[in-house]
Amino acid sequence: RLRGKVAYITGGAGGIGSATAAAMAREGARIAVVDIDADGAESVASTLRRGGTEAIALAADVSDEAAVRDSVERLVAEFGRLDIMHLNAATGFPEDTDIVDTDAVIWEKLFRVNVMSVVYGVKYGVPRMIEGGGGNIVITSSAGSLAGDHNRAAYGSLKATVTALARYLSVSH
């Protein structure tokens, strides 16, 4: 069902991202595995290539706007188009406990990876998708965004922000 399509998957070196890459590859997509873990991204891309999928690894810190822009441009240079983005990268910290005890530095680090990576992905991906006639964006959130927890106040709150961004995106482009 995805033959001829090109997918960009952040957090692609493991977990949900690598599973998504494998699933999209089975459906015929060409894959860019994007992750700060360059070796992990290459390992996933190599596995996909051994299975007959065109796949590349793009090492990128998705909390950095220039890195996201550059990785999207490298994907388009390699495959000529962008059809699907799975904006999946996320992180957490054991220091993320409750609002009172979690340092602002932890909030800021989580915000950069868990929220701004989505903003940057959309900012640089949507214009490339429009050039190709459209596309699809999947954004990974978390059940932690729906209910309070005694721990992970920053993570849950920021995943709620990601859910709101997805709602906005669904009606804006």
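The table for this structure:
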item	result
Spacing of the two label points (7 Å from each Cα toward its C-beta) at V119 and A160, in nm	1.8
Lys/Arg +1, Asp/Glu -1 at C-beta; the chain dipole; positive extreme among P94, G134, A41	G134
Over the range 3-66, relative contact order from alpha-carbon pairs under 8 Å, at least 6 apart, %	32
Proximal lysines relative to K109, as straight alpha-carbon distance under 21 Å, when same-chain residues fewer than 8 apart are discounted	K123, K159
Label-point gap, in nm, between R26 and N136 - each point 7 angstrom along Cα→Cβ	1.5
Quarter of Cα convex hull surface for the range 83-173, i.e. mean projection, nm²	5.7
Kyte-Doolittle at least 0.0, axis length at least 24 Å by Cα - qualifying DSSP helices, the chain	153-172
Nearest-20 debye value, the range 1-123 charge dipole, Cβ charges on Lys, Arg, Asp, Glu	1020
Answer label, with Rg/Rh (Cα atoms, Kirkwood Rh) calculated from the coordinates and candidates [x] 1.25; [y] 1.35; [z] 0.99	[z]
Stretchable slack from D70 to A104, in nm (0.36 nm times residue separation minus alpha-carbon distance)	9.4 nm
Accessible-area value, E27, 1.4 Å probe, nucleic acids and ligands omitted, Å²	60
Rounded to the nearest 20 debye, dipole of the range 44-102 from Cβ charges on Lys, Arg, Asp, Glu	600
Sites N151 and S172, calculated FRET efficiency, Cβ-Cβ separation with R0 30 Å, nearest 0.05	0.35
For the chain: relative contact order, % (alpha-carbon pairs under 8 angstrom, 6 or more apart)	20
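The values are calculated or read from the model by the stated rules, or taken from the named source; none is laboratory data. Owing to the predicted nature of the structure, the values given are computational and were not obtained by experimental measurement. All Cβ positions, glycine included, derive from the backbone under ideal geometry; neighbour counts span all protein chains shown. Surface accessibility is based on the protein's heavy atoms, side chains included, excluding ligands, DNA and RNA. Shrake-Rupley method; radii C 1.70, N 1.55, O 1.52, S 1.80 Å.
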